[in-house]
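Some notes on the structure that comes next.
The values are calculated or read from the model by the stated rules, or taken from the named source; none is laboratory data. Just so you know, these numbers come straight off a predicted model, no measurement behind them. Cβ sites come from the backbone with ideal geometry, for glycine too, and all protein chains shown count toward neighbours. Areas reflect the complete protein model, heavy atoms only, side chains present, ligands, DNA and RNA absent. Shrake-Rupley method; radii C 1.70, N 1.55, O 1.52, S 1.80 Å.
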Amino acid sequence: MNCEEIYSALLEGKALSADADEHLKGCATCQRAAQVLWEAPSAVELSHALTERIELRMMSTLEPVRPMLSRRLIWATLAVIYISIVVAASIRAGTYGLSAMAPWQTAAILLTLTVATGLLVHSLASQMSPGSRHIVLPDRVPLWAGLALAGAIFMLFRVQEERNFWLHNWACLRFGTLVAVATSLPAWLILRRGAVLSPMVTGATFGIFTGFAGAGVLELHCPILNVSHILTSHLGVVLLATLVGLAVGFAFDSVRKYSANGELA
């Protein structure tokens, strides 16, 4: 018999014939192959004390969990929250911005806000449901949404003379931030039912989502069409909310890593 026939017999688990045994005694290569296939790995026995420690460690970290919300339900709920707060805040404060803008400006800025916010909501809902498909990579969504709004503002509005520039900026920045905070509270109650796998990306996406709510209200409410004012205060709300969300995500990620390292130690 040759080596190939020996290999086939060993792999199939067949009993070796006398000729095969004779070949095996004189072939070092076949002997090594037989040794690998015949030798069973030695079993590792764990002591009873060690298994009890492992069991106690596992049982101490088990907690009851609530079922995750579906991606569609998260998407729909976030959309309702956004629309409700923007509409309610705009009606309460007054829609003076709609009267000041030309119809084409109104249509363009609202279309930009709607598309960008829809992308943010889809990304958040997908991030909360691991394994979901993304239209755009999650870490790029905040950047693209912010650039889309900034580009629309640059194209739609012009530099105008404005008195009390910083006073007006502070008023809009403060009001828009309050709207962003109001949006974050009910939205967080929904997102906490999902699975946060990348806290910094989710934090930035969540932050810019709430910032878009503040910017949306300001576009409907504020009658000042000076591009410098809109970039500084309206877009400033978006930037501020994004940075806060990113910082919260970084802190959450750091605490989680520290806790994981402590448990392993």
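For the reader, a short list of remarks on this structure follows.
- In the complete set of protein chains, residue-level accessible area for LEU62 is approximately 120 Å², probe 1.4 angstrom.
- Put simply, the amide H of MET68, placed in the peptide plane, has no neighbours under 5 Å, leaving out anything fewer than 5 places away on its chain.
- Cα lying deepest toward the dipole's positive end in segment 27-162, options PRO103, ALA116, PHE157, charges on Cβ: PRO103
- Cys residues of the chain counted as unpaired, since no other Cys beta-carbon is under 4.7 Å: CYS3, CYS172, CYS222
- Accessible surface, 1.4 Å probe, highest first, among residues TYR7, TYR258, TYR96, TYR82: TYR258, TYR96, TYR7, TYR82
- Computed over segment 1-151: relative contact order in percent, which uses C-alpha pairs under 8 Å that are six or more apart: 18 percent
- Sites counted here are GluC sites (Glu not before Pro) in a DSSP loop (not H, G, I, E or B) having no more than 10 other Cβ atoms within 10 Å; the longest part of the chain that contains none of them is 46-160.
- Inter-centroid distance (Cα atoms) of segment 91-109 relative to segment 3-35, Å: 86 Å
- In the chain, the portion of solvent-accessible area held by carbon and sulfur atoms comes to 66 percent [1.4 Å probe, whole percent, DNA, RNA and ligands not counted].
- Per-residue SASA entry for THR51, accessible area with 1.4 Å probe, Å² rounded to 10: 50 Å²
- Computed with a 1.4 Å probe over protein heavy atoms only, the accessible surface of the chain comes to 62 Å² per residue.
- For segment 193-233, backbone nitrogen atoms closer than 20 Å to the point 7 Å from LEU111 Cα along Cα-to-C-beta are found at 216-217, 219-220.
- Applying a length cut-off of 27 Å (Cα extent along the axis) and a mean Kyte-Doolittle floor of -1.0 to the DSSP H helices of the chain leaves 71-93, 103-127, 165-191, 199-221, 235-264.
- Rounded to the nearest 20, the Cβ-based charge dipole of the chain about its Cα centre (Lys and Arg +1, Asp and Glu -1) stands at 1540 debye.
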